[in-house]
Amino acid sequence: GIDTFISFDNFEWGADGDLLSTSGGGITWTDIIAGTSRDEIDTGQFWGGSKSARLYRDGTNNPACQMVRAATSNAYAIRLRVRKNDTATLLIRHGNATDYIYVQIVADEKIYYYDGSTHDTGATVPVNVWFLLEVANVDFAAKTYDIWLNDILVANGVAMYVGGASYNSVIRFTNSGGTSDDNLDDVIVRNWTVNEPTWASWGTIEHLRN
């Protein structure tokens, strides 16, 4: 994964409870925590291996983790596995010096995006079940992006929030709901193409004889 994608972390490193800023994987993380809120390695929940990242909210303080990622006009995608508690939220924000992406999964499991106003995509996520989320076709020249849930397009070419300098050259994940957990796994930043390569035919198989 580390050698295949722009950025990749499956959190198969460290010990249970280690802060993400220990950064033992392919991404260097920064912790944004206060009180007893945590962003840490968790062995209790995981997607494919034996660990994941946990954003635990203590009921008052919003835990967040962020990675450095320059905002560019070349299309790319942010892809991750997510498992949320019933009262948890997940905010994904990523920007340049003037505009930013703002995706919200709220406590009632609906997916929204924010461009100065909040818009309901009509999609909902499951509770306490892993799902696949992708913010794709990110284009800071066009100031648009797409949202995919479990490989289904739920929001196409939505607008970024224009005029906000926050989250410049970082990708930030935040839990802002209740006393709750978000778990993240297989966080990937990858190149994006609207039309994936296809092959009309693989042709015939040829055998060599000695």
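Structural remarks
- In region 51-80, the residues that are within 12 Å of ALA34 (Cα to Cα) and without any contact (Cβ under 8 Å) to a residue 40 or more places away in the chain reach residues that are part of a strand (DSSP E or B) and not aliphatic (A, V, I, L, M) with C-beta atoms within less than 9 angstrom, at least six apart or across chains, in these pairs: THR60/THR179.
- Residues in region 21-38 that are at positive phi and crowded, with 16+ Cβ neighbours inside 10 Å: 1 in all.
- Test set (1) within 19 Å of ALA155 (Cα to Cα); (2) in contact with a strand residue (DSSP E or B) (Cβ under 9 Å, 6 or more places away or on another chain); (3) open to solvent by 40 Å² or more (accessible area, probe 1.4 Å) - ALA107 fails condition number: (1)
- Matching option when the condition is within 11 Å of the chain's Cα centre (by Cα) and either open to solvent by 40 Å² or more (accessible area, probe 1.4 Å) or at pLDDT 95 or above (or both), among ARG172, ARG190: ARG172
- The condition of being acidic (Asp, Glu), modelled with pLDDT of 95 or more, open to solvent by 40 Å² or more (accessible area, probe 1.4 Å) and more than 15 Å from the chain's Cα centre (by Cα) holds for only one of ASP18, ASP42, that being ASP18.
- Residues being open to solvent by less than 60 Å² (accessible area, probe 1.4 Å), under 24 Å from ASN85 (Cβ atoms) and in contact (Cβ under 8 Å) with a residue 40 or more places away in the chain - total across region 118-169: 11
The values are calculated or read from the model by the stated rules, or taken from the named source; none is laboratory data. Keep in mind the model is a prediction, meaning the values are calculated, not measured. Note that we place each Cβ from the backbone using ideal geometry, even for glycine, and neighbour counts take in every protein chain shown. Please note that ligands, DNA and RNA were not included when accessible areas were found on the heavy atoms of the full protein model with its side chains. Shrake-Rupley method; radii C 1.70, N 1.55, O 1.52, S 1.80 Å.
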